[in-house]
Amino acid sequence: HALLPADGADGAAWSREALEALCVRAAASFAARRQARDCGGAVADAVAYLNGHFREKVLLQELAERFRLSPVYFGQQFKKATGYPFHDYVHRLRIDEARKLLRRTDMKMSAIASALGYHDTDYFTGKFKAFTGELPSAYKNKTKGEGHADR
């Protein structure tokens, strides 16, 4: 084996190449474990941040920079950990909140869209339909007659 001591005896002298190879492998393994741990913590921190700030403009690039990770790598790890691409996760949080607002308030669609960080009501309507299968107005009308315990 290439990483065994030069003379094959335990504790004997190691060749320079074997020691260098061992150090490189150990450093790479340590760096990979640290990066995975850091990224896992970064994803958990990002999810916590998003849960409190989804109404604001939140960019994957900015969160990746905050955690000193490449945006591509961070996006891949975010999807791996949450099951959703970053932007879909943000939209899901917003649409879940929109459903609550539609059930519990008499806010106009434009006010709900604006409160959730959508600057265009039509875009909000399209996202709502994409995630729920129905228009926000239809959802609101459907839930008006139902007695929801979470109102």
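Scanning the range 130-143 for residues that are closer than 24 Å to residue 58 by Cα and more than 22 Å from the chain's Cα centre (by Cα) yields a single hit, 136. The criterion of at least 3 residues that are open to solvent by less than 80 Å² (accessible area, probe 1.4 Å), in contact (Cβ under 8 Å) with a residue 24 or more places away in the chain and in contact with a Phe, Trp or Tyr (Cβ under 9 Å, 6 or more places away or on another chain) is met by the following helices (runs of 4 or more DSSP H) wholly inside the range 61-151: 71-82, 86-104, 121-132. Looking across the range 17-60 at every residue that is modelled with pLDDT of 55 or more and acidic (Asp, Glu), the one that is surrounded by the most Cβ atoms within 10 Å (Cβ to Cβ) is identified as 45.
The values are calculated or read from the model by the stated rules, or taken from the named source; none is laboratory data. From a predicted model like this one, the values you see are computed outputs, not experimental measurements. Methodologically, a virtual Cβ is constructed for each residue, glycine included, from the backbone with ideal geometry; neighbour enumeration extends over all protein chains shown. With ligands, DNA and RNA removed, areas are computed over all heavy atoms of the protein, side chains included. Shrake-Rupley method; radii C 1.70, N 1.55, O 1.52, S 1.80 Å.
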